[in-house]
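The values are calculated or read from the model by the stated rules, or taken from the named source; none is laboratory data. This one's a predicted model, so the numbers in the text were calculated from it and none came from an experiment. Using ideal geometry, Cβ is built from the backbone for each residue, glycine included, and neighbour counts are taken over all protein chains shown. These area figures cover heavy atoms from the full protein model, side chains too; ligands, DNA and RNA do not enter into them. Shrake-Rupley method; radii C 1.70, N 1.55, O 1.52, S 1.80 Å.
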Amino acid sequence: MKMIYAIIQPQDADNVIEILNQHSFMVTKLSSTGGFLRKGNATLMVGTPKEKVDEVLQILKAECGKRKQMMCTLPYAETPIVASSTMVPVEVGGATVFIVDVERFEKI
Ligand code: 2BA
């Protein structure tokens with residue numbers, strides 16, 4: 001058995017947990033904080049047989065992987081209101097994944 005720890009953006013958590021559950025994976029979500037940026041992230045723990053690890057990784061990549069999203073930039077407060085906003089591509093998402101061996105697993 002393996003334990004997958006995936007550190008993801010908090011806004012991706014609910015969706016990926018739902019999809020993992022739909023594929024019969026059990027998930028625990030921890031609210032975590034990055035040590036460098038000190039911003040909130042989410043850490044998912046997924047315990048699974050080693051044959052299923054790749055399936056979990058595929059789901060994580062599809063639902064939380066780095067991707068471009070169009071964001072609306074607002075004009076600075078000092079600029080006149082007539083200034084129009086622009087859409088710019090911003091990179092969102094991303095997952096840092098650790099896969100570790102589970103020596104023993106019990107439900108008591
Ligand atoms: P990422 O490398 O994508 O890491 C995102 C978050 O994943 C990290 O948040 C941390 O919570 C976790 N993480 C990544 N690698 C880890 C590891 N080896 N062990 C434990 N947790 C790990 P933050 O620490 O806030 O880092 C946010 C982003 O800042 C990182 O994105 C990386 O691009 C950059 N970064 C982190 N530490 C850095 C450092 N010492 N020097 C320069 N840049 C750093």
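Residues being at pLDDT 95 or above and either assigned to a helix (DSSP H, G or I) or away from the ligand (no atom under 16 Å from the Cβ) (or both) are entirely absent from the stretch 30-43. Close contacts from the stretch 22-45, counting a first residue that is small (Gly, Ala, Ser) and a second that is in a helix (DSSP H, G or I) and within 14 Å of the ligand (Cβ to nearest atom), with Cβ to Cβ under 6 Å and a gap of 6+ residues or different chains, come to GLY40/PRO10; ALA42/PRO10; ALA42/ALA13. Listed by first and then second residue, the pairs linking a residue in the stretch 9-20 that is farther than 12 Å from ALA95 by Cα to a residue that is open to solvent by 60 Å² or more (accessible area, probe 1.4 Å) and part of a helix (DSSP H, G or I), with Cβ atoms under 9 Å apart and 6 or more places separating them unless they lie on different chains, are ILE19/ALA62.
Can you pull out the residues in the stretch 56-68 that are in a strand (DSSP E or B) and either touching a Pro at 6+ places or on another chain (Cβ under 7 Å) or under 14 Å from ILE7 (Cβ atoms) (or both)?
Within the stretch 56-68, the subset in a strand (DSSP E or B) is 67-68.
Within the stretch 56-68, just LYS68 meets the criteria.
Candidates GLU103, GLU91, GLU51, GLU55: the one that is within 16 Å of the ligand (Cβ to nearest atom) and not aliphatic (A, V, I, L, M) is GLU91.
Let's see how each residue does on (1) at pLDDT below 95; (2) open to solvent by 80 Å² or more (accessible area, probe 1.4 Å); (3) among the aliphatic types (A, V, I, L, M):
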| residue | (1), (2), (3) |
| --- | --- |
| MET3 | no, no, yes |
| VAL27 | no, no, yes |
| GLU55 | no, no, no |
| GLY65 | yes, no, no |
| SER84 | yes, yes, no |
| VAL97 | no, no, yes |
| ASP101 | no, yes, no |
| LYS107 | no, yes, no |
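For VAL53, indicate whether it is part of a helix (DSSP H, G or I) and in contact with a helix residue (DSSP H, G or I) (Cβ under 6 Å, 6 or more places away or on another chain). For VAL53, the condition - part of a helix (DSSP H, G or I) and in contact with a helix residue (DSSP H, G or I) (Cβ under 6 Å, 6 or more places away or on another chain) - is not met. For the stretch 12-25, the set of residues classified as exposed (fewer than 13 other Cβ atoms within 10 Å of the Cβ) and assigned to a helix (DSSP H, G or I) consists of ASP14, ASN15, GLU18, ASN21, GLN22, listed by residue number.
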